[in-house]
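Down below is the structure, laid out as structure tokens.
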Ligand SMILES: [Mn+2]
């Protein structure tokens, strides 16, 4: 099966490159995926969560977390030009730059930012033009753009494969370029009037279940957990069930979801805006599920 083969390939690639993150007592990580940062126009599905996301990142920055972005962070199917995205969400990139400069930022590619797999195409990530200072400034000058990585708990020796989750999903993997053209010239305009692509796993329940099933099978066959995104459906399993963890996405109408790892425990969290007792709007964080201990994966 295609996804089986692709997941094994991702695991072996991470191992061969030594792209392994060792989890200790002090490790604090947060995972988001499918942020789909756009150009802040009507078709930008992330725009309405921009403030929530910026606030959440600041929270994790202050508490010393590392940030792993598991693919589809930048929406490069709808918007060809990364510079437009950086300009539209410059405050987010300022925070990401701080994470990067302290070696606390890991950038993965998914289907929507797969173009950055190519080092030649990745150059816009390295620097940007500061319009106020009128000079070129570094953004992420030596950034690694990876497909996969392995998290390894130094106590239980359990492993988690980190990927975006499009692996083996034909239209989003092998023939991603064809799909990206369709999205850029058709679905982008449809988004503006509220129509969504029914073939995307984020909108199609049957497709989503198919992916979850295939991934769970790989997890059982290999005894390795998977933490990914792509389907936009957040998931933290019960202990003893196949260890398939999913961050969900950052373009949901009512906020963002992600996964935290602290004290060797995983939490599924939701950040959203609500009214407090005085009718003032506040950004708040809620634990949806967890803790799930690393050793229980
Ligand atoms: Mn995706």
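The values are calculated or read from the model by the stated rules, or taken from the named source; none is laboratory data. Note that this is a predicted model, so its numbers are computed, not measured. When we count neighbours, we look across all protein chains shown, and the Cβ atoms used for this are built from the backbone with ideal geometry, even at glycine.
Determine if segment 10-33 includes at least one residue that is closer than 19 Å to residue 244 by Cα, assigned to a helix (DSSP H, G or I) and within 16 Å of the ligand (Cβ to nearest atom).
For segment 10-33, residues closer than 19 Å to residue 244 by Cα, assigned to a helix (DSSP H, G or I) and within 16 Å of the ligand (Cβ to nearest atom): present.
Going through segment 200-241 one residue at a time, which ones are away from the ligand (no atom under 16 Å from the Cβ), closer than 19 Å to residue 268 by Cβ and at pLDDT 95 or above?
Hits for segment 200-241 are 216, 219, 225, 236, 237.
If residue 209 meets every condition in (1) free of Cβ contacts under 8 Å to residues at least 24 places away in the same chain; (2) assigned to a loop (DSSP other than H, G, I, E, B) apart from one, which number is that one?
That leaves (2) as the condition not met.
Kindly list the number of the only condition in (1) assigned to a helix (DSSP H, G or I); (2) away from the ligand (no atom under 16 Å from the Cβ); (3) farther than 30 Å from residue 63 by Cα that fails for residue 120.
Residue 120 satisfies every listed condition except (1).
Condition check: over 21 Å from residue 162 (Cβ atoms) and either at pLDDT below 95 or within 15 Å of the ligand (Cβ to nearest atom) (or both). Does residue 78 satisfy that? Please lay out each step first, then the result.
Working: over 21 Å from residue 162 (Cβ atoms): yes; either at pLDDT below 95 or within 15 Å of the ligand (Cβ to nearest atom) (or both): yes.
When the stated conditions are applied, residue 78 passes them.
Filter segment 126-141 down to the residues that are over 25 Å from residue 227 (Cα atoms) and under 22 Å from the mean Cα position of the chain (by Cα) and list them by number.
126, 127, 139, 141
From 49, 87, 111, grab the single residue that is closer than 30 Å to residue 174 by Cβ and either within 16 Å of the ligand (Cβ to nearest atom) or in a helix (DSSP H, G or I) (or both). Outline the logic, then answer.
Details: 49 fails: closer than 30 Å to residue 174 by Cβ; 87 fails: closer than 30 Å to residue 174 by Cβ.
Sole residue among the options that is closer than 30 Å to residue 174 by Cβ and either within 16 Å of the ligand (Cβ to nearest atom) or in a helix (DSSP H, G or I) (or both): 111.
Can you name every residue in segment 216-242 that is touching a helix residue (DSSP H, G or I) at 6+ places or on another chain (Cβ under 8 Å), assigned to a loop (DSSP other than H, G, I, E, B) and buried (at least 24 other Cβ atoms within 10 Å of the Cβ)?
230, 231
Taking segment 156-175 on its own, how many of its residues are in a loop (DSSP other than H, G, I, E, B) and either on the phi > 0 side of the Ramachandran plot or within 13 Å of the ligand (Cβ to nearest atom) (or both)? Break it down into steps so the answer makes sense when it comes.
Pass one, segment 156-175, residues in a loop (DSSP other than H, G, I, E, B): 156-158, 163-169, 173-175.
Filter again for either on the phi > 0 side of the Ramachandran plot or within 13 Å of the ligand (Cβ to nearest atom) (or both), leaving 157, 163-169, 173.
Qualifying residue count, segment 156-175: 9.
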